[in-house]
Amino acid sequence: MPSARDVLLRQVRAFAVPVAVVVEYEADPFGVRGVVDGLIELLNCEVPLLVLRCDVSALGALCCGAVAAAVGTRAALRHLYPMVPTPSRRRLSRPAPSVVVSGCLSYRRLGTVARTKRRHPDSNLWWCGCTTCGGRELDWIMHRPEWMRERLSFQHSLDALAELRDQLIGPDLQRDQLTWRARCAIAAYWRREVGWEPLPALDRWQQAIGLPPSDDPSLPSRRPGRSIPPQRGSDRTTPPR
Ligand SMILES: [Zn+2]
């Protein structure tokens, strides 16, 4: 009996029309074994693919050939959580805002960033040159009135993700994949350096991309379509040799 993934892949190939996917899970779906591999298999179907309700893994999807990827403006919109029965109609409080820490390819709560910065004040993870931060360190948002923090966190995160996208995405899909893989390894290193727990998605992306494409024929070699023009002269990370 074919697996659900095989059925999906067969249908996508048969209809050959653009597809948008949302992965439902109670935590980060891209941290689950097999999900990134499945996404790459979908991209191998060579139909335009969009990935919705993502977090930083949206960048990984773009680097692996997705034509577009959407990142939620707040935590509840960055994943599709399974519907569970609630015991009452009590309104749940909205979680504190999170910001993208670019060097770690991660969203972290503002309070976590501020506490970690106090323990590691000399780390260059906190400085941000985006339009919103203007060269300040990320915990500056904590010193603004509470009602402003979510909007500022969103604006910074949007700027930071756009800057990462410009660094990562170029005309060569294989190079983009290797660049993303290298950035995931660097991000995992920086998370360890400041004492943050491992982020499984960073490992999953590295494992799924694996060896250089010349040794791995399963990876798509051309970009099927793109919504973002190549950035010339951008600050790319050198892929591993
Ligand atoms: Zn910023």
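Read-outs throughout are calculated quantities, based only on the coordinates presented, and are distinct from any laboratory measurement. Keep in mind that this is a model prediction, so the values were computed, not measured. Neighbour counts run over all protein chains shown; Cβ positions are idealised from the backbone, glycine included.
For the reader, a short list of remarks on this structure follows.
- Tally of residues being in a strand (DSSP E or B) and in contact with a Gly (Cβ under 6 Å, 6 or more places away or on another chain) across the range 1-54: 1
- Residues in the range 113-152 that are among the β-branched types (Val, Ile, Thr) and either touching an Asp or Glu at 6+ places or on another chain (Cβ under 8 Å) or without any contact (Cβ under 8 Å) to a residue 60 or more places away in the chain (or both) were compared, and the one that is nearest to the ligand (Cβ to nearest atom) is Thr132.
- Between Val84, Val67, Val7, the distinction of being closer than 29 Å to Gly170 by Cα and among the hydrophobic types (A, V, I, L, M, F, W, C) belongs to Val67 only.
- Within the range 153-173, if we keep just the residues that are away from the ligand (no atom under 15 Å from the Cβ) and crowded, with 17+ Cβ neighbours inside 10 Å, the residue that is nearest to Cys104 (Cα to Cα) turns out to be Leu168.
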